[in-house]
Every structure is written in structure tokens, then in C-alpha cells.
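What follows is a set of notes on a single structure, which appears directly below.
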């Protein structure tokens with residue numbers, strides 16, 4: 001593959017990174033960062049990481065972008081004050097030197113990488129059949145390195161608990177954000193009715209296809225979460241009350257199913273998260289199906305943010 | 001120069017650009033964006049290493065790629081948590097300043 005295209009993509013990526021770091025207006029910086037995230041998924045495609053590209057486009061570009069854009073809108077008033085305390089020439093020089101130094105060390109490391117490349121790909125290919133899934137990345141996520149994925153799911157729940165715990169006392173248990181109102185005949189409300197059925201099918205397809213093709217529960221869950229957020233933004237539904245028991249049960253259900261399957265492995269295969277060969281695929285599917293609703297809920301609720309309205 | 005080397009070198013620069021913004025930008029949201037740029041630099045470097053590990057008929061080593069998916073999701077969770085902290089800071093102090101509070105003697109009665 002010709003590296004010319006990659007070179008252009010890399011230069012654009014660097015330009016957008018510089019833009020989103022140094023441009024004066026915070027909104028322009030965040031807009032640049034969203035474009036940067038989308039360009040980054042192109043980088044993943046060039047590096048043959050289709051699963052990573054899908055995750056980057058959905059979460060890195062999409063959800064993070066939406067989160068930061070929402071924050072910029074609410075931080076408008078504080079920008080000018082922050083600009084007045086901008087760092088002086090001395091600090092900026094030190095920062096530049098430090099950044100150049102770190103980059104130089106990394107470049108030296110890249111140029112000195114070992115020639116026989118260390119890789120785990122042969123081991124993954126040799127053992128993938130035993131898991132019953134065809135996509136090696138899904139095999140790594142849910143069988144060989146399942147403990148990482150379990151801890152990641154727990155991190156998501158803890159992050160959500162952290163976000164919720166930042167709500168002021170008076171509105172604890174209430175609904176996050178403002179109630180959105182959109183013109184019921186406008187284009188947003190129209191799209192919020194038109195897109196969810198398509199999005200739900202695409203999200204579930206990505207989830208199910210992840211066993212053998214690029215895709216998986218994170219990418220699928222992000223699309224489903226985005227559909228829910230779209231309906232909220234169009235004012236067709238309100239954000240949920242965080243003291244709803246069903247909601248809280250859904251948030252912890254995924255990790256609990258994952259841990260239960262792990263304990264089942266302790267009993268049936270002699271190791272936590274071990275799968276007996278003939279039961280590997282059903283147990284992996286059980287984890288995936290159990291995790292999916294939790295991921296949709298947690299991703300959407302993280303974007304909703306801390307409760308801001310009292311229970312009504 | 002191969003594709004993965006191009007992106008590995010670009011990733012080194014991304015880490016530097018992010019680090020500069022993290023130190024030099026005063027506004028916490030700008031620091032957060034810069035930190036995310038720095039983080040994606042680490043991700044791209046790791047992804048280039050995964051591509052170098054292509055073997056056994058796979059175009060890239062799937063283990064680092066799977067860890068990257070985990071990393072992207074965790075980075076989003078951490079960013080969401082930071083944004084919530086930031087919004088709460090502004091709600092309670094009406095300012096997004098991270099500057100040290102002046103010593104108590106200089107504040108005077110309010």
C-alpha cells in the first residue's frame with residue numbers, strides 16, 4: 001500500500017491536533033477534536049484495526065465529541081477569565097521544550113524497535129477454534145483477556161457512580177440535564193422518529209456480527225445509546241431519574257453476569273473466567289448478551305451527566 | 001518508509017502536542033482536550049506496534065488491538081467523569097480557574 005495517502009492522513013491528523021490544542025476559541029478547539037476523532041478512525045483502517053476504527057468512530061469521535069460540545073456550551077462564560085490567566089512566556093517555553101523532549105525520546109524508541117517483532121498473533125490463531133468465535137479480537141476480549149474486559153465494565157459502572165455522586169444534595173436521585181424541547185414538526189423530531197428503528201437494527205447487527213466479523217458489543221451499544229440520546233435531545237423522552245430501581249439494576253447487571261460466568265468457569269473449568277471447551281461459545285454469548293444492556297445504559301447515562309433537576 | 005512507521009512517528013508528535021496543551025492551556029476543558037490528544041497519540045503508537053506484529057495470517061496482532069478497544073472505552077469514561085467534575089466546579093465557584101487560591105490573609109471579609 002502506498003504510504004503517500006498515509007502521509008497525508010498523518011499530516012492532517014497533526015494539523016488538527018495542533019489546531020485543537022492551540023486555537024483560542026474553545027468551541028473551535030472541540031470541533032477540531034471531533035474531526036480529529038473521525039480522521040483517527042481512518043488511521044485505524046490504515047493500520048488494519050477495523051474493530052478499533054469502529055470503536056474510535058463511535059466512542060472516541062462520536063460520544064466524546066458530543067460530551068465535549070455539551071461541556072463547551074455550558075462553559076462559555078468562563079473562557080475569558082481563563083484566557084486572562086494564560087501561562088506566561090516562561091511556562092510556554094518550558095512546555096515546548098518538555099513536549100519536544102518527550103517526542104524526541106519516543107521517536108528514538110520507534111526507530112530502535114526490535115527487528116524480530118514480538119507478536120501474540122500465532123497463539124491467538126492457534127487457540128481461537130477452542131473459543132468458538134471467528135473474530136480474533138472478540139476472542140481476545142472475551143476469552144484470552146476476559147479479565148481486562150470484566151474490569152473495564154466495572155470501571156464504567158464506577159465512573160457512572162462518580163458522575164452521579166457529583167450531583168448537589170437537593171437534586172440527588174433526580175434527572176440529569178435540562179428537559180429538551182424541540183419543534184415537534186422540526187427536522188430533529190422527525191429524525192428522532194425516523195432513525196431509531198434503523199439504528200436499533202444496525203446496533204444489534206454490529207453486536208451479533210462481532211463474533212465473527214469486525215464489530216462487537218461496544219460499537220453496537222454506542223449506536224443504541226446514541227439512538228436513546230437522540231430521542232432525548234428531540235424532547236420525545238426525558239432523561240431517566242437515576243433513583244429508578246430498574247435502571248440501577250440494569251447498570252450493575254452486566255458486570256454481575258460477567259462475574260457469575262467467571263465463577264461458573266471456576267467450578268467447570270478450574271479457573272476464574274475459564275471456559276470448558278464445549279461450552280465456550282454459549283458462555284461467551286451469555287457474557288455478551290448480559291453486558292449489552294449495561295453498556296447501552298452506562299454510555300448514555302455518562303453522557304447525560306450528573307442529576308440537575310429534583311425528583312418530580 | 002512503511003505505513004506503520006509513518007503513523008508511529010506521527011503518534012510521537014501527537015503525544016508532544018498533547019503534553020504542550022496540557023501544561024500551557026489554562027482552561028481545564030482545553031487541558032482535557034489536550035490530554036485526550038496525548039492519549040490518542042499513545043493509542044496510535046500502540047496500534048502501529050500491533051500492525052508490526054502481523055503474523056499467522058492476521059493483518060495485525062489482535063491482543064494490542066483488543067486492549068485498544070478497552071482503552072478507548074475507559075478513556076471515554078474518564079473524560080465523562082472529568083467533564084462532570086468540571087461542571088460541578090463551575091456550579092459551585094462560578095469560575096473554571098485552576099489557579100491556587102490566594103492565602104487566607106489576602107481574601108479579607110466577604
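What the table below lists for this structure:
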| quantity | calculated |
| --- | --- |
| Test: residue in segment A:293-304 that is assigned by TED's automatic domain parsing to the domain that holds residue A:181, surrounded by fewer than 21 Cβ atoms within 10 Å (Cβ to Cβ) and either touching a strand residue (DSSP E or B) at 6+ places or on another chain (Cβ under 8 Å) or touching a residue at least 40 places away in the same chain (Cβ under 8 Å) (or both) | yes |
| Pair list, Cβ < 9 Å and 6+ apart or interchain, from segment A:159-172 residues that are more than 8 Å from chain B (Cβ to nearest Cβ) to residues that are assigned to a helix (DSSP H, G or I) and surrounded by fewer than 18 Cβ atoms within 10 Å (Cβ to Cβ) | A:167/B:88 |
| Filter result for residue A:141 (under 24 Å from the mean Cα position of the chain (by Cα) and either surrounded by fewer than 20 Cβ atoms within 10 Å (Cβ to Cβ) or over 30 Å from residue A:281 (Cα atoms) (or both)) | no |
| Single residue of A:254, A:265, A:246 found to be free of Cβ contacts under 8 Å to residues at least 40 places away in the same chain, buried (at least 19 other Cβ atoms within 10 Å of the Cβ) and in a helix (DSSP H, G or I) | A:265 |
| Segment A:268-282, residues that are in contact (Cβ under 8 Å) with a residue 12 or more places away in the chain and crowded, with 17+ Cβ neighbours inside 10 Å | A:273, A:275, A:280 |
| Within segment A:1-18, considering residues that are more than 7 Å from chain B (Cβ to nearest Cβ) and surrounded by 17 or more Cβ atoms within 10 Å (Cβ to Cβ), the one nearest to the chain's Cα centre (by Cα) | A:16 |
| Any hit, segment A:49-60, residues being more than 16 Å from residue A:219 (Cα to Cα) and without any contact (Cβ under 8 Å) to a residue 24 or more places away in the chain | no |
| Wholly enclosed helices (runs of 4 or more DSSP H) of segment A:27-110 bearing at least 2 residues within 7 Å of another protein chain (Cβ to nearest Cβ), over 17 Å from the mean Cα position of the chain (by Cα) and more than 29 Å from residue A:296 (Cβ to Cβ) | A:79-84 |
| Odd one out for residue B:26 among (1) assigned to a helix (DSSP H, G or I); (2) touching a helix residue (DSSP H, G or I) at 6+ places or on another chain (Cβ under 6 Å); (3) under 25 Å from residue A:166 (Cβ atoms) | (1) |
| Verdict on residue A:285 being under 20 Å from residue A:143 (Cβ atoms), under 24 Å from the mean Cα position of the chain (by Cα) and loosely packed, with under 15 Cβ neighbours inside 10 Å | no |
| Residues being touching a helix residue (DSSP H, G or I) at 6+ places or on another chain (Cβ under 9 Å), assigned to a helix (DSSP H, G or I) and within 26 Å of residue A:209 (Cα to Cα) - total across segment A:111-153 | 25 |
| Residue within segment B:29-52 that is buried (at least 22 other Cβ atoms within 10 Å of the Cβ) and outside any helix (DSSP H, G or I) present | no |
| Among residues of segment B:53-66, those that are within 7 Å of chain A (Cβ to nearest Cβ) and either assigned to a helix (DSSP H, G or I) or touching a strand residue (DSSP E or B) at 6+ places or on another chain (Cβ under 7 Å) (or both), counted | 4 |
| Search result, residues across segment B:13-52 that are under 21 Å from residue A:147 (Cβ atoms) and facing chain A (nearest Cβ under 7 Å) | B:50 |
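This table checks each residue for (1) outside the structural domain of residue A:304 (by TED's automatic domain parsing); (2) closer than 18 Å to residue A:59 by Cα; (3) modelled with pLDDT under 85; (4) in contact with a strand residue (DSSP E or B) (Cβ under 7 Å, 6 or more places away or on another chain).
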{"residue": "A:199", "(1), (2), (3), (4)": "no, yes, no, no"}
{"residue": "A:207", "(1), (2), (3), (4)": "no, yes, no, no"}
{"residue": "A:210", "(1), (2), (3), (4)": "no, yes, yes, no"}
{"residue": "A:228", "(1), (2), (3), (4)": "no, yes, no, no"}
{"residue": "A:237", "(1), (2), (3), (4)": "no, no, yes, no"}
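The values are calculated or read from the model by the stated rules, or taken from the named source; none is laboratory data. Computed from a predicted model, the values in this text were never measured in an experiment. Glycine gets a Cβ as well: all are built from the backbone with ideal geometry, and neighbour counts include every protein chain shown.
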